[in-house]
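Structure first, then comments.
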Amino acid sequence: MNNLPRLCWTVSACLGLAGMVWGMQMAGSEDHSNLAAHAHLNLLGWVSLALYGTYYRLIGLTRSIVASIQVACAIVGSVVMGIGIAIAHQGGTEAFAITGSLLTLVAGVLFVVITFQRPLRINTVN
Ligand code: HEM
Ligand code: HEM
(Lines give C-alpha, C1' and ligand atoms only; values in the text may rest on other atoms or scores of the structure.)
(Ligands and ions follow the chains in the order given, each with its own letter.)
Protein backbone atom coordinates (compact mmCIF):
# COMPACT_ATOMS: atom_id res chain seq x y z
CA MET A 1 0.00 0.00 0.00
CA ASN A 2 1.52 3.31 -1.01
CA ASN A 3 -0.96 5.69 0.62
CA LEU A 4 -1.52 4.58 4.19
CA PRO A 5 -3.17 7.79 5.48
CA ARG A 6 -5.78 7.62 2.72
CA LEU A 7 -6.45 3.93 3.41
CA CYS A 8 -6.83 4.65 7.14
CA TRP A 9 -9.19 7.59 6.67
CA THR A 10 -11.36 5.98 3.97
CA VAL A 11 -11.81 2.71 5.87
CA SER A 12 -12.30 4.68 9.11
CA ALA A 13 -15.08 6.74 7.50
CA CYS A 14 -16.82 3.58 6.24
CA LEU A 15 -16.55 1.82 9.62
CA GLY A 16 -17.72 4.98 11.41
CA LEU A 17 -20.78 5.10 9.16
CA ALA A 18 -21.46 1.40 9.77
CA GLY A 19 -21.10 2.00 13.54
CA MET A 20 -23.56 4.90 13.40
CA VAL A 21 -26.10 2.86 11.44
CA TRP A 22 -25.67 0.10 14.05
CA GLY A 23 -26.27 2.72 16.79
CA MET A 24 -29.42 3.92 15.03
CA GLN A 25 -30.61 0.32 14.75
CA MET A 26 -29.98 -0.22 18.50
CA ALA A 27 -31.75 3.00 19.42
CA GLY A 28 -34.67 2.25 17.09
CA SER A 29 -35.15 -1.30 18.31
CA GLU A 30 -34.68 -0.27 21.98
CA ASP A 31 -32.42 -3.33 22.29
CA HIS A 32 -29.01 -2.11 23.52
CA SER A 33 -27.50 -5.57 24.01
CA ASN A 34 -24.96 -4.90 21.23
CA LEU A 35 -23.69 -1.73 22.99
CA ALA A 36 -20.18 -3.12 23.57
CA ALA A 37 -19.83 -4.27 19.94
CA HIS A 38 -21.08 -0.92 18.60
CA ALA A 39 -18.76 0.95 21.00
CA HIS A 40 -15.67 -0.98 19.93
CA LEU A 41 -16.44 -0.85 16.21
CA ASN A 42 -16.70 2.93 16.53
CA LEU A 43 -13.78 3.50 18.88
CA LEU A 44 -11.38 1.13 17.09
CA GLY A 45 -12.66 1.30 13.51
CA TRP A 46 -13.58 4.96 13.36
CA VAL A 47 -11.56 6.84 16.02
CA SER A 48 -8.36 4.78 16.43
CA LEU A 49 -7.93 4.11 12.69
CA ALA A 50 -8.36 7.82 11.92
CA LEU A 51 -5.73 8.61 14.58
CA TYR A 52 -3.31 6.11 13.00
CA GLY A 53 -3.87 7.74 9.60
CA THR A 54 -3.38 11.21 11.08
CA TYR A 55 -0.06 10.20 12.62
CA TYR A 56 1.17 8.66 9.35
CA ARG A 57 0.15 11.82 7.49
CA LEU A 58 1.91 14.02 10.06
CA ILE A 59 5.21 12.14 9.77
CA GLY A 60 4.85 11.93 5.98
CA LEU A 61 4.78 8.11 5.93
CA THR A 62 3.04 6.73 2.85
CA ARG A 63 4.84 3.42 2.41
CA SER A 64 6.29 1.05 5.03
CA ILE A 65 6.04 -2.70 5.51
CA VAL A 66 5.69 -2.45 9.29
CA ALA A 67 3.07 0.30 9.03
CA SER A 68 1.17 -1.66 6.34
CA ILE A 69 1.02 -4.68 8.66
CA GLN A 70 0.00 -2.35 11.52
CA VAL A 71 -2.87 -0.86 9.49
CA ALA A 72 -3.99 -4.28 8.20
CA CYS A 73 -4.14 -5.62 11.78
CA ALA A 74 -6.04 -2.51 12.92
CA ILE A 75 -8.63 -2.79 10.12
CA VAL A 76 -9.18 -6.55 10.31
CA GLY A 77 -8.98 -6.46 14.13
CA SER A 78 -11.64 -3.78 14.56
CA VAL A 79 -14.10 -5.47 12.19
CA VAL A 80 -13.55 -8.98 13.58
CA MET A 81 -13.65 -7.69 17.17
CA GLY A 82 -16.84 -5.65 16.62
CA ILE A 83 -18.68 -8.55 14.99
CA GLY A 84 -17.08 -11.04 17.41
CA ILE A 85 -18.32 -9.17 20.51
CA ALA A 86 -21.84 -9.15 19.05
CA ILE A 87 -21.65 -12.92 18.38
CA ALA A 88 -20.31 -13.56 21.91
CA HIS A 89 -23.01 -11.36 23.51
CA GLN A 90 -25.70 -13.30 21.64
CA GLY A 91 -24.38 -16.51 23.22
CA GLY A 92 -22.20 -17.64 20.31
CA THR A 93 -18.49 -18.43 20.13
CA GLU A 94 -15.94 -16.05 21.67
CA ALA A 95 -13.32 -17.05 19.08
CA PHE A 96 -13.92 -14.02 16.84
CA ALA A 97 -13.87 -11.54 19.74
CA ILE A 98 -10.59 -13.06 20.95
CA THR A 99 -9.03 -13.10 17.46
CA GLY A 100 -10.11 -9.49 16.84
CA SER A 101 -8.74 -8.40 20.23
CA LEU A 102 -5.38 -10.04 19.54
CA LEU A 103 -5.11 -8.39 16.10
CA THR A 104 -6.06 -5.05 17.70
CA LEU A 105 -3.36 -5.59 20.32
CA VAL A 106 -0.75 -6.41 17.65
CA ALA A 107 -1.73 -3.18 15.85
CA GLY A 108 -1.27 -1.31 19.14
CA VAL A 109 2.17 -2.84 19.76
CA LEU A 110 3.35 -2.11 16.20
CA PHE A 111 2.11 1.47 16.48
CA VAL A 112 4.21 1.95 19.65
CA VAL A 113 7.23 0.61 17.75
CA ILE A 114 6.59 3.00 14.85
CA THR A 115 6.23 6.03 17.16
CA PHE A 116 9.72 5.23 18.50
CA GLN A 117 11.23 4.43 15.09
CA ARG A 118 9.58 7.34 13.28
CA PRO A 119 8.88 10.02 15.93
CA LEU A 120 6.96 13.12 14.97
CA ARG A 121 9.40 15.96 14.32
CA ILE A 122 8.14 19.47 14.37
CA ASN A 123 9.71 20.34 11.01
CA THR A 124 7.79 17.54 9.23
CA VAL A 125 4.49 19.38 9.89
CA ASN A 126 3.70 21.78 7.06
C1 HEM B 1 -25.71 7.90 14.68
C2 HEM B 1 -24.78 7.72 15.59
C3 HEM B 1 -24.91 6.88 16.85
C4 HEM B 1 -26.02 6.35 17.45
C5 HEM B 1 -27.48 6.46 17.03
C6 HEM B 1 -25.55 5.66 18.65
C7 HEM B 1 -26.38 4.96 19.53
C8 HEM B 1 -25.96 4.35 20.68
C9 HEM B 1 -26.80 3.63 21.61
C10 HEM B 1 -28.32 3.45 21.47
C11 HEM B 1 -26.02 3.18 22.62
C12 HEM B 1 -26.44 2.38 23.85
C13 HEM B 1 -26.56 3.34 25.03
C14 HEM B 1 -26.86 2.63 26.33
O15 HEM B 1 -27.55 1.60 26.35
O16 HEM B 1 -26.36 3.10 27.40
C17 HEM B 1 -24.65 3.59 22.33
C18 HEM B 1 -23.56 3.31 23.13
C19 HEM B 1 -22.27 3.73 22.86
N20 HEM B 1 -21.84 4.42 21.73
FE21 HEM B 1 -23.02 5.04 20.21
N22 HEM B 1 -24.20 5.78 18.72
C23 HEM B 1 -23.76 6.51 17.65
C24 HEM B 1 -22.46 6.85 17.34
C25 HEM B 1 -21.37 6.59 18.14
C26 HEM B 1 -20.01 6.99 17.83
C27 HEM B 1 -19.59 7.76 16.58
C28 HEM B 1 -19.23 6.56 18.86
C29 HEM B 1 -17.75 6.69 19.08
C30 HEM B 1 -16.94 7.42 18.36
C31 HEM B 1 -20.10 5.88 19.80
C32 HEM B 1 -19.69 5.30 20.97
C33 HEM B 1 -20.51 4.67 21.87
C34 HEM B 1 -20.02 4.11 23.12
C35 HEM B 1 -18.60 4.16 23.66
C36 HEM B 1 -21.14 3.51 23.75
C37 HEM B 1 -21.14 2.78 25.07
C38 HEM B 1 -21.45 3.80 26.15
C39 HEM B 1 -21.57 3.12 27.52
O40 HEM B 1 -20.65 2.36 27.90
O41 HEM B 1 -22.60 3.35 28.18
N42 HEM B 1 -21.37 5.91 19.32
N43 HEM B 1 -24.63 4.29 21.15
C1 HEM C 1 -7.65 -5.17 22.45
C2 HEM C 1 -8.39 -4.14 22.69
C3 HEM C 1 -9.57 -4.08 23.65
C4 HEM C 1 -10.16 -5.06 24.39
C5 HEM C 1 -9.81 -6.54 24.47
C6 HEM C 1 -11.26 -4.45 25.13
C7 HEM C 1 -12.12 -5.10 25.98
C8 HEM C 1 -13.19 -4.54 26.65
C9 HEM C 1 -14.09 -5.23 27.52
C10 HEM C 1 -14.01 -6.73 27.86
C11 HEM C 1 -15.02 -4.35 27.95
C12 HEM C 1 -16.22 -4.62 28.86
C13 HEM C 1 -17.39 -4.89 27.92
C14 HEM C 1 -18.67 -5.34 28.63
O15 HEM C 1 -18.80 -5.11 29.83
O16 HEM C 1 -19.52 -5.92 27.95
C17 HEM C 1 -14.70 -3.06 27.36
C18 HEM C 1 -15.44 -1.91 27.52
C19 HEM C 1 -15.13 -0.70 26.94
N20 HEM C 1 -14.05 -0.43 26.13
FE21 HEM C 1 -12.74 -1.77 25.43
N22 HEM C 1 -11.32 -3.11 24.81
C23 HEM C 1 -10.29 -2.85 23.92
C24 HEM C 1 -9.98 -1.64 23.36
C25 HEM C 1 -10.64 -0.46 23.60
C26 HEM C 1 -10.26 0.81 23.04
C27 HEM C 1 -9.03 1.04 22.13
C28 HEM C 1 -11.18 1.71 23.46
C29 HEM C 1 -11.28 3.19 23.19
C30 HEM C 1 -10.62 3.82 22.22
C31 HEM C 1 -12.15 1.00 24.30
C32 HEM C 1 -13.24 1.55 24.92
C33 HEM C 1 -14.12 0.87 25.73
C34 HEM C 1 -15.30 1.50 26.33
C35 HEM C 1 -15.75 2.95 26.13
C36 HEM C 1 -15.93 0.51 27.07
C37 HEM C 1 -17.23 0.66 27.87
C38 HEM C 1 -18.39 0.47 26.93
C39 HEM C 1 -18.77 -0.95 26.79
O40 HEM C 1 -19.28 -1.54 27.77
O41 HEM C 1 -18.58 -1.53 25.72
N42 HEM C 1 -11.78 -0.32 24.35
N43 HEM C 1 -13.57 -3.22 26.58
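The values are calculated or read from the model by the stated rules, or taken from the named source; none is laboratory data. Because the structure is predicted, anything quoted here is derived from the model rather than measured. As a convention, Cβ positions derive from the backbone with ideal geometry for all residues, glycine included, and neighbour counts pool all protein chains shown.
Quick one: in region 67-99, of everything that is away from ligand 1 (no atom under 16 Å from the Cβ), closer than 17 Å to Cys14 by Cβ and of a type in the set (Gly, Ala, Ser), which residue is surrounded by the fewest Cβ atoms within 10 Å (Cβ to Cβ)? Top of the filtered list is Ala72. Reported count of residues in region 76-96, each being under 15 Å from Leu43 (Cα atoms) and within 8 Å of ligand 2 (Cβ to nearest atom), is 3.
Tyr52 falls short on exactly one of the conditions (1) modelled with pLDDT of 95 or more; (2) more than 16 Å from ligand 1 (Cβ to nearest atom); (3) of a type outside the set (Asp, Glu), and that condition is (2). Residues in region 20-36 include none that are under 30 Å from Ile122 (Cβ atoms) and either assigned to a loop (DSSP other than H, G, I, E, B) or under 12 Å from the mean Cα position of the chain (by Cα) (or both).
For residues in region 46-73 being more than 10 Å from ligand 2 (Cβ to nearest atom), of a type in the set (Gly, Ala, Ser) and closer than 29 Å to Glu94 by Cβ, which is farthest from the chain's Cα centre (by Cα)? My answer is Ser68. Of all residues in region 27-45, those that are away from ligand 2 (no atom under 12 Å from the Cβ) and aliphatic (A, V, I, L, M) total 1. Look at (1) assigned to a helix (DSSP H, G or I); (2) surrounded by fewer than 20 Cβ atoms within 10 Å (Cβ to Cβ); (3) more than 16 Å from ligand 2 (Cβ to nearest atom) and you find that Leu102 fails only one, number (3). Look at (1) within 13 Å of ligand 2 (Cβ to nearest atom); (2) surrounded by 14 or more Cβ atoms within 10 Å (Cβ to Cβ) and you find that Cys8 fails only one, number (1). For region 64-95, residues that are among the small types (Gly, Ala, Ser) and outside any helix (DSSP H, G or I) total 3.
Tallying residues that are within 8 Å of ligand 1 (Cβ to nearest atom) and either small (Gly, Ala, Ser) or closer than 15 Å to Gly82 by Cα (or both) within region 11-24 yields 6.
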